[in-house]
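Novice: Handing you a structure now.
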Amino acid sequence: MDTAFRKIDIDQYDEDVLHESELYDADPRDPSQVLEEAKQRQAAVRTALSRSDVLSALTTILESPPYGPNVDQAKEITLQTLLTILNTTKSTEIPAVIKGLSQDAQDTLMKYLYKGMAMPGWGDISGSVLLGWHEKLTEIAGTGCIVRTLTDRRLV
Amino acid sequence: MAQEVHTLAQTPITSHSFSPDRTKLAASLNSNDVQIYSRQGAEWLPTETLSEHDKLITSIDWAPQSNRIVTASQDRNAYVWQEVQDPETGKVVWKPTLVLLRINRAATYVRWSPKEDKFAVASGARAIAICSFDEENNWWVSKLLKKPIRSTVLAVDWHPNNVLLAAGSADMKARVFSAYIKEVDDRPAATVWGSKLPFNTICGEYASPAGGWVHTVGFSPSGDVLAFASEYPFGYRRFASQLTDMHEGHDSSVNVVYPTGPVFNIRISSLPFVTLTWTAENSLVAAGHDCQPFVFSGSEEGWQSVGSLDDAAGAKAADGPRAGYGGNTSVGRLKTGAFATFRDADSRGQSSLGGAGSPTADTKLLTVHQNTITNIRPYQGHPSQVSLVSTTGVDGKLVIWDVNAVAGGR
């Protein structure tokens with residue numbers, strides 16, 4: 001049976017088609033600016049971690065994270081930096097740190113946990129660390145936080 | 001028990017609406033027919049079946065003053081049902097009148113306007129049909145609200161002035177439209193939503209913050225505030241309703257909009273809401289995938305969750321402490337029976353399927369509703385002071401709740 005028709009992009013014949021870019025408000029920042037900010041945050045996180053101030057390191061990295069197209073490098077730096085924080089935090093400290101975060105930051109953290117779990121073997125991702133954080137975060141922020149992560153098109 | 005529970009069926013109830021005097025109930029049991037129930041003592045007994053649609057009925061609304069029922073269906077039609085006397089047998093029967101909707105996708109939601117001279121039908125055709133009666137031809141005609149809707153409209157709600165309409169849509173926006181029909185409406189007085197209101201004027205457009213479908217919308221009793229709630233866009237559920245004037249979204253948040261002032265976004269820690277209703281100018285009840293109705297209250301100063309109408313936490317305490325996450329009701333559900341069953345099967349190779357009496361065999365939810373609540377409606381009281389609300393859900397239950405019996409803050 002001829003199945004080639006299944007591959008036809010029918011959206012091209014629809015003048016009222018909904019584009020990816022219309023699903024969320026684009027980041028107003030310029031990609032180069034986003035990259036610059038990501039690097040600055042990376043440095044700020046290192047400073048905070050050297051003082052073993054995990055909460056302020058996390059707050060810094062989770063603030064206005066890069067999302068959308070054309071900022072892949074900034075996304076990569078941010079994820080890498082975040083993983084450093086997650087990996088260096090003692091598991092007993094995790095609940096207190098999460099409780100110190102704003103709701104926005106908690107939602108963003110959940111996005112990064114899922115992103116990390118979707119990239120096994122990348123960088124120094126460890127599944128058990130991510131799952132540990134995921135468990136504690138779900139206890140505190142609820143299943144609603146997971147749903148918002150699944151829904152949000154502003155992918156980090 | 002602070003609530004009245006009736007099991008109408010073992011199938012999902014897609015929509016329900018009570019007769020004006022609350023002695024009858026129209027419901028659709030996930031089928032092409034409307035079932036009319038009559039109250040006999042403590043029971044609801046099926047008395048009549050309205051069959052005319054040839055696909056699943058998605059929404060029912062029973063007009064409180066004119067005693068007419070309007071139904072919307074996936075067959076792209078709507079019918080208005082009126083009680084008339086059959087000339088041959090002399091019996092009173094429900095007679096359908098077809099509505100010319102002119103839509104090419106399923107009708108998803110229907111609501112009578114406050115004066116009951118119009119109704120709005122939401123549809124998957126990226127349009128809302130505003131229907132009014134044409135005396136000359138003796139049928140219902142429609143006018144379509146189209147722009148700027150980009151996707152299926154999931155819910156609508158009328159402003160008390162009979163002109164403005166709020167709509168929640170799968171394009172992740174809640175909007176307020178003018179549904180002014182020259183032949184029917186008097187010139188509306190200016191409201192907080194605007195003063196000049198020709199048909200299809202956009203009086204407000206609000207995005208759901210985390211990009212969820214707006215499943216339910218609702219104007220406050222005065223019409224000056226809108227609420228909506230949104231849902232996540234995966235696995236579309238037919239019954240996604242959103243709050244208007246308050247939109248509830250599938251991104252697990254409830255939003256309350258003051259058109260001239262602030263917009264409040266209340267993030268909830270539980271699963272998303274799909275339906276909501278206002279119970280007073282400063283409070284509303286929302287329900288959905290978490291199987292229990294939550295009460296929210298607030299003012300222009302701010303909004304917050306007050307608690308649940310379902311005393312699930314109390315039921316749980318009576319059950320004795322459970323392992324795992326305690327305290328938070330919604331999160332506690334993570335470790336209820338089903339979860340434990342799979343965990344044991346995985347970690348210990350145990351199957352509790354045959355083990356009657358084992359605690360892990362218990363997959364009953366602690367909430368009254370055993371599945372998603374798809375519909376919530378005011379049951380008793382003036383719109384500005386509702387005392388009882390009714391809910392129906394996928395579990396086939398009808399529950400009537402006292403809105404003042406809030407169990408446990410969260």
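Novice: Considering segment B:204-227 alone, what residues qualify as being open to solvent by 30 Å² or more (accessible area, probe 1.4 Å) and more than 14 Å from every other protein chain (Cβ to nearest Cβ)?
Specialist: B:Pro221, B:Ser222, B:Asp224
Novice: Just checking, which of B:Lys143, B:Lys173, B:Lys196, B:Lys182 is within 14 Å of chain A (Cβ to nearest Cβ) and either more than 21 Å from the chain's Cα centre (by Cα) or open to solvent by 30 Å² or more (accessible area, probe 1.4 Å) (or both)?
Specialist: B:Lys173
Condition check ((1) in the same structural domain as B:Pro259 (by TED's automatic domain parsing); (2) out of contact with any helix residue (DSSP H, G or I) (no Cβ under 6 Å at 6 or more places or on another chain); (3) of a type in the set (Gly, Ala, Ser); (4) surrounded by fewer than 24 Cβ atoms within 10 Å (Cβ to Cβ)) across all residues:
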residue: B:Pro114; (1), (2), (3), (4): yes, yes, no, yes
residue: B:Lys118; (1), (2), (3), (4): yes, yes, no, no
residue: B:Ala122; (1), (2), (3), (4): yes, yes, yes, no
residue: B:Phe133; (1), (2), (3), (4): yes, yes, no, yes
residue: B:Pro148; (1), (2), (3), (4): yes, yes, no, yes
residue: B:Ser151; (1), (2), (3), (4): yes, yes, yes, yes
residue: B:Trp158; (1), (2), (3), (4): yes, yes, no, yes
residue: B:Arg187; (1), (2), (3), (4): yes, yes, no, yes
residue: B:Val192; (1), (2), (3), (4): yes, yes, no, yes
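Novice: Then there's this: Residue pairs, Cβ under 9 Å, 6 or more apart or interchain, first in segment A:129-140 and away from every other protein chain (no Cβ under 12 Å), second in a helix (DSSP H, G or I) and of a type in the set (S, T, N, Q). List them.
Specialist: Once the first residue is away from every other protein chain (no Cβ under 12 Å) and sits in segment A:129-140, its partners that are in a helix (DSSP H, G or I) and of a type in the set (S, T, N, Q) give A:Val129/A:Asn87.
Novice: If you take the residues of segment A:1-23 that are part of a loop (DSSP other than H, G, I, E, B) and within 21 Å of B:Lys147 (Cβ to Cβ), which of them is most open to solvent (accessible area, probe 1.4 Å)?
Specialist: Among residues in segment A:1-23 that are part of a loop (DSSP other than H, G, I, E, B) and within 21 Å of B:Lys147 (Cβ to Cβ), the one most open to solvent (accessible area, probe 1.4 Å) is A:Glu15.
Novice: Something else about it: Just checking, which of B:Ile103, B:Ile13 is open to solvent by less than 10 Å² (accessible area, probe 1.4 Å) and touching a residue at least 12 places away in the same chain (Cβ under 8 Å)?
Specialist: After ruling out the rest, the residue left standing is B:Ile13.
Novice: Still on this structure: Condition first: open to solvent by 50 Å² or more (accessible area, probe 1.4 Å) and part of a loop (DSSP other than H, G, I, E, B). Now tell me which residues in segment A:120-153 satisfy that.
Specialist: A:Pro120, A:Gly121, A:Trp122, A:Gly123, A:Asp124, A:Arg153
Novice: Tell me, which strands (runs of 3 or more DSSP E) lie completely within segment B:178-270 with 2 or more residues that are modelled with pLDDT of 90 or more?
Specialist: B:202-207, B:213-219, B:226-231, B:246-257
Novice: A further question follows. Do we find that B:Leu165 is buried (at least 21 other Cβ atoms within 10 Å of the Cβ), away from every other protein chain (no Cβ under 14 Å), on the phi < 0 side of the Ramachandran plot and not β-branched (Val, Ile, Thr) in this structure?
Specialist: The answer is yes for B:Leu165.
Novice: I would also like to ask the following. Under 7 Å between Cβ atoms, which residue pairs at least 6 apart in sequence (or on different chains) link something in segment B:38-59 that is open to solvent by 30 Å² or more (accessible area, probe 1.4 Å) with a partner that is hydroxyl-bearing (Ser, Thr, Tyr)?
Specialist: Close Cβ pairs (under 7 Å, with a partner that is hydroxyl-bearing (Ser, Thr, Tyr)) amount to B:Arg39/B:Thr23; B:Leu45/B:Tyr37; B:Leu45/B:Ser38; B:Pro46/B:Tyr37; B:Thr47/B:Tyr37; B:Thr47/B:Ser38; B:Glu52/B:Tyr79; B:Lys55/B:Ser73.
Novice: For segment B:249-268, give me each residue that is within 12 Å of chain A (Cβ to nearest Cβ) and surrounded by 24 or more Cβ atoms within 10 Å (Cβ to Cβ).
Specialist: Selection gives B:Gly249, B:His250, B:Asp251, B:Ser252, B:Ser253, B:Val254, B:Ile268.
Novice: Just give me the residues in segment B:61-100 being at positive phi and touching a residue at least 40 places away in the same chain (Cβ under 8 Å), in sequence order.
Specialist: If the condition is that a residue be at positive phi and touching a residue at least 40 places away in the same chain (Cβ under 8 Å), then B:Asn67, B:Arg76 are the ones that fit.
Novice: Given (1) touching a residue at least 12 places away in the same chain (Cβ under 8 Å); (2) over 24 Å from B:Gln380 (Cα atoms), identify the lone condition not met by B:Leu29.
Specialist: Answer for B:Leu29: the failing condition is (2).
Novice: Residues A:Thr60, A:Thr47, A:Thr84: which one is under 23 Å from A:Cys145 (Cβ atoms), free of Cβ contacts under 8 Å to residues at least 24 places away in the same chain and open to solvent by less than 80 Å² (accessible area, probe 1.4 Å)?
Specialist: A:Thr60
Novice: Here is a further query. If you scan segment A:24-44, which residues turn out to be assigned to a helix (DSSP H, G or I) and open to solvent by less than 70 Å² (accessible area, probe 1.4 Å)?
Specialist: Correct list: A:Pro31, A:Val34, A:Leu35, A:Glu37, A:Ala38, A:Arg41, A:Gln42, A:Ala43, A:Ala44.
Novice: Picking from B:Ser142, B:Ser151, which residue would you name as being among the small types (Gly, Ala, Ser) and touching a Ser or Thr at 6+ places or on another chain (Cβ under 6 Å)?
Specialist: Sole residue among the options that is among the small types (Gly, Ala, Ser) and touching a Ser or Thr at 6+ places or on another chain (Cβ under 6 Å): B:Ser151.
Novice: Another question about this same structure. When only residues in segment B:86-137 that are closer than 23 Å to B:Asn32 by Cα and hydroxyl-bearing (Ser, Thr, Tyr) count, which is nearest to the chain's Cα centre (by Cα)?
Specialist: Here the residue is B:Tyr109.
Novice: If you don't mind, another one. Quick one: is A:Gln40 free of Cβ contacts under 8 Å to residues at least 40 places away in the same chain and under 15 Å from the mean Cα position of the chain (by Cα)?
Specialist: Here the answer is no, as A:Gln40 does not meet what is asked.
The values are calculated or read from the model by the stated rules, or taken from the named source; none is laboratory data. Computed from a predicted model, the values in this text were never measured in an experiment. Cβ: placed from backbone, ideal geometry, glycine included. Neighbour counts: every protein chain shown. For accessibility, only protein heavy atoms count, side chains too; no ligands or nucleic acids. Shrake-Rupley method; radii C 1.70, N 1.55, O 1.52, S 1.80 Å.
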